[in-house]
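What follows is a single structure, written as structure tokens, with notes after it.
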């Protein structure tokens with residue numbers, strides 16, 4: 001029953017010592033001294049290595065294994081597995097193993113499997129586990145396959161950690177793509193976590209401005225949450241994380257107030273590694289939420305400042321009769337830019353219409369625009385002509401970094417004389433629509449943009465009759481990618497020509513904005529509409 005050979009090959013092995021205590025006569029293998037040479041050699045190899053090795057012999061594949069394999073069995077199966085049939089010990093995964101066993105035992109072919117997923121019951125619960133292993137045939141003296149040699153390694157830790165790291169990477173990418181959009185952050189996070197093998201449930205709770213805790217997103221909408229709401233509310237209020245069973249509740253970082261709720265899946269041990277992983281998930285979501293809220297608040301503050309700034313330098317609306325002006329910043333930008341307009345009353349019955357466009361938009365362009373607008377108004381109040389106003393602006397622009405290439409259209413309307421005198425510095429030609437419907441461009445007196453030429457400026461004069469329309473604009477109104485600028489100007493002229501003769505300047509301005517920039521523009525837009533009135 002206990003041959004000297006068996007004692008020798010099992011010396012120093014815990015499993016070997018156990019193997020010596022097995023009543024082998026009660027197993028199909030019989031006493032070790034009667035075992036065939038190939039089995040004895042396989043068992044000697046098994047106990048001579050630290051790698052997990054299983055020897056299974058005979059019709060019932062009776063198990064003999066070493067210390068390395070014992071660790072994979074778990075406390076539920078060891079030590080009773082020694083000397084027991086493989087199909088009995090691994091009954092919960094036998095269907096997953098049977099095909100590989102058959103290839104070895106029936107066909108004599110070795111097998112190789114990498115990271116096979118097996119749901120094992122070995123530590124008191126069903127557990128997701130992964131193994132890379134090879135089955136090799138063990139033949140008797142006649143060459144018949146009598147058993148198999150299983151050299152295996154458990155890869156559960158590597159597979160699970162790799163899977164979790166990939167999830168964290170994907171989560172970071174999705175959250176970064178959704179930056180600035182709180183609902184999209186919630187959708188991106190909960191949708192990804194809903195498909196995770198390591199997160200059974202995920203919820204994002206946020207305290208709204210009224211102090212109410214709201215569920216912003218869930219990986220399983222419509223199902224009861226893993227925890228009562230008062231637990232989540234307490235974490236949000238105290239800013240202290242809590243653990244309830246296999247669920248973590250982690251507070252959101254400032255300036256957000258709320259919590260991320262994450263529940264662990266059932267088929268992995270609830271250990272420090274699992275807790276750390278869920279805390280990393282909660283941290284990624286929390287940082288994205290807090291960053292978005294911080295960004296929204298900063299943008300709101302900047303927008304309030306920019307609105308005040310823009311209103312100070314380009315007031316909405318015009319006090320003079322017959323004149324309407326509109327300003328729209330670039331879509332999605334702050335309400336400041338480089339486009340501007342001005343209407344200046346020089347004397348009763350004489351007023352100037354000015355529209356200009358600095359290169360770029362945003363605060364820098366707005367600052368340059370504000371200075372150019374102030375200089376223009378100062379020159380006009382000295383009763384300068386349009387040509388001399390632009391010459392003065394040429395000189396001023398040469399002293400103002402970034403003001404080069406600014407375009408300006410400047411016109412003086414004399415209602416008593418019924419005239420409009422104008423000069424243009426590189427600006428797009430305004431559209432003149434006569435009361436009788438004739439439409440053409442004011443394309444005389446054209447010169448280079450500011451500070452680009454030393455030539456004297458010229459000016460042109462048009463007679464105006466009551467009811468005539470003048471539309472001045474910046475390129476943001478009409479310029480679109482893929483369309484030639486002359487064609488865009490012709491399109492604008494066509495829309496102006498189609499305006500009803502009785503349309504008010506307000507209606508004309510609103511219709512032009514609807515027609516050309518219904519959803520905003522990629523560039524700033526300034527627009528001035530003037531309808532001539534009788535003196």
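The values are calculated or read from the model by the stated rules, or taken from the named source; none is laboratory data. Everything numeric here is computed off the predicted structure, so don't read it as measured data. Virtual Cβ from ideal backbone geometry, glycine too; neighbours counted across all protein chains shown.
Among the listed residues 55, 114, which satisfies the condition of being under 18 Å from residue 21 (Cα atoms), assigned to a strand (DSSP E or B) and modelled with pLDDT of 95 or more?
55
Return yes or no: is residue 96 more than 30 Å from residue 266 (Cβ to Cβ) and without any contact (Cβ under 8 Å) to a residue 24 or more places away in the chain? Considered against the rule, which asks whether it is more than 30 Å from residue 266 (Cβ to Cβ) and without any contact (Cβ under 8 Å) to a residue 24 or more places away in the chain, residue 96 comes out as no.
Within region 321-334, if we keep just the residues that are at pLDDT below 75 and exposed (fewer than 15 other Cβ atoms within 10 Å of the Cβ), the residue that is nearest to residue 510 (Cα to Cα) turns out to be 331.
For residue 45, the stated conditions hold: it is assigned to a helix (DSSP H, G or I) and within 24 Å of residue 139 (Cβ to Cβ). When 527, 513 are screened for being crowded, with 21+ Cβ neighbours inside 10 Å and in the same structural domain as residue 467 (by TED's automatic domain parsing), only 527 passes.
Could you please let me know if residue 311 is part of a helix (DSSP H, G or I) and either over 30 Å from residue 531 (Cβ atoms) or modelled with pLDDT under 80 (or both)? In short, yes. Every listed requirement among (1) under 30 Å from residue 511 (Cα atoms); (2) in a helix (DSSP H, G or I); (3) more than 44 Å from the chain's Cα centre (by Cα) is met by residue 352 save one, (2). Of the residues that sit in region 224-252 and are surrounded by fewer than 16 Cβ atoms within 10 Å (Cβ to Cβ) and either assigned to a loop (DSSP other than H, G, I, E, B) or touching a residue at least 40 places away in the same chain (Cβ under 8 Å) (or both), which one is farthest from the chain's Cα centre (by Cα)? Here the residue is 245.
Looking at region 60-84 only, could you name the residues that are at negative phi and part of a loop (DSSP other than H, G, I, E, B)? 60, 66, 75, 76, 77, 78, 79, 80, 81, 82, 84, listed by residue number.
Conditions (1) over 40 Å from the mean Cα position of the chain (by Cα); (2) farther than 15 Å from residue 529 by Cβ, marked per residue:
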| site | (1), (2) |
| --- | --- |
| 409 | yes, no |
| 412 | yes, yes |
| 433 | yes, no |
| 462 | yes, yes |
| 470 | yes, no |
| 480 | no, yes |
| 496 | yes, no |
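Could you please give the count of residues in region 375-405 that are touching a helix residue (DSSP H, G or I) at 6+ places or on another chain (Cβ under 8 Å) and touching a residue at least 60 places away in the same chain (Cβ under 8 Å)? Summing the residues that are touching a helix residue (DSSP H, G or I) at 6+ places or on another chain (Cβ under 8 Å) and touching a residue at least 60 places away in the same chain (Cβ under 8 Å) in region 375-405 gives 1. Filtered by the rule that a residue be in contact with a helix residue (DSSP H, G or I) (Cβ under 7 Å, 6 or more places away or on another chain), under 19 Å from residue 105 (Cα atoms) and surrounded by fewer than 21 Cβ atoms within 10 Å (Cβ to Cβ), region 20-78 gives a lone residue, 40. When 189, 202 are screened for being buried (at least 22 other Cβ atoms within 10 Å of the Cβ), in contact with a helix residue (DSSP H, G or I) (Cβ under 6 Å, 6 or more places away or on another chain), closer than 17 Å to residue 290 by Cα and touching a residue at least 24 places away in the same chain (Cβ under 8 Å), only 189 passes.
Which residues, counting only those in region 347-367, are surrounded by fewer than 21 Cβ atoms within 10 Å (Cβ to Cβ) and either more than 23 Å from residue 323 (Cβ to Cβ) or touching a helix residue (DSSP H, G or I) at 6+ places or on another chain (Cβ under 9 Å) (or both)? Across region 347-367, the qualifying residues are 359, 360, 362, 363, 364, 367.
Looking only at region 253-265, count how many residues are part of a loop (DSSP other than H, G, I, E, B) and in contact with a strand residue (DSSP E or B) (Cβ under 7 Å, 6 or more places away or on another chain). Residues meeting the conditions: 3. Tallying residues that are in a helix (DSSP H, G or I) and modelled with pLDDT under 85 within region 1-32 yields 15.
Number of residues in region 453-504 that are in contact with a helix residue (DSSP H, G or I) (Cβ under 9 Å, 6 or more places away or on another chain), more than 29 Å from residue 389 (Cα to Cα) and touching a residue at least 40 places away in the same chain (Cβ under 8 Å): the value is 1. Against the list (1) touching a residue at least 60 places away in the same chain (Cβ under 8 Å); (2) closer than 22 Å to residue 277 by Cβ, the condition residue 139 fails is (2). Assessment of region 205-212 against the conditions (in contact with a helix residue (DSSP H, G or I) (Cβ under 6 Å, 6 or more places away or on another chain) and part of a helix (DSSP H, G or I)) yields no matching residue.
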